[in-house]
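In what follows, a single structure is set out as structure tokens and then discussed.
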Amino acid sequence: MRRLLAACLLCVSASALADGQATLVDGSGDPESAVTARWIGDQLRLDFPRHAAKGYLLLRDGKGHVVTNFGGQTVVLGIRDVQSIAGQLGGQDLSDLGSYQAQQVLSLEPVGTRESVAGIEGEVYRLDWITQEGDRREDALVLSQRPEVIELLRVVDRYQSILSGQPDPVAARLEQQGLGLLRFGDKFQVASLTATSPDPALLALPSQSGNVGELLRSVIQ
């Protein structure tokens, strides 16, 4: 799940955002890897059906939250709180996406073939890039100028910027060329995409019923 989410968070910088819903899966199309994205303007909710019991991610008013259940109580944690827990437990920081974020784009060129992803036809490009860790990689991307495809990657990039606090050169290149992303190598692909607005209640920030301080202490101790 971490690899799929990290790969999804590489994309186009945000401007004015509309509404929509999408499902993303890994490069093999495994339905168990699914990530469901629902957004209204710049509000975004990411669900992981396979890990539904662990909660979901929510972006509102420029802030990222993890909504989870602890001891039968709803707990809303800031992204930075979750990163702190991961760090103190010796885990990976959620903003540490070095293997998936670009340090530099060397080239992005069409290869002359087309591919249909989620019923949307796109053009195949070859991306030659260097990761934040300094590794050089080459991936095949399926890109589209369809507005809904660009919209999906814009709204997900809004979350990426909160997680990492860093701009992404791949995102900048796609934005310059007016392209959205349907498939990124073997890392992820769009399984479904619609401009239908989700239920606003799904993106509401729930009331806090659990004690965040107690949760943090119990997890870290």
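Remarks
- For the peptides 58-69, 31-42, 130-141, residues were scored by their other Cβ atoms within 10 Å and the scores averaged per peptide; the highest-first order is 31-42, 58-69, 130-141.
- Simple spin-label estimate for Arg50 and Ser116 in nanometres, 7 Å along Cα-Cβ: 2.7
- Centre separation in Å (Cα based) which lies between segment 20-63 and segment 171-207: 9
- The alpha carbon convex hull volume per residue for segment 132-192 rounds to 101 Å³.
- The simple spin-label model puts a point 7 Å past each Cα toward its Cβ; for Ala195 and Arg126 those points are separated by 3.5 nm.
- Extension gain for the segment Arg146 to Ala172, taken as residue separation times 0.36 nm less the Cα-Cα distance, is 7.6 nm to one decimal.
Laboratory data are not the source of any read-out in this text; all were calculated from the coordinates shown. In this text the structure is predicted, and so the values were computed from the model without any measurement. As a convention, Cβ positions derive from the backbone with ideal geometry for all residues, glycine included, and neighbour counts pool all protein chains shown.
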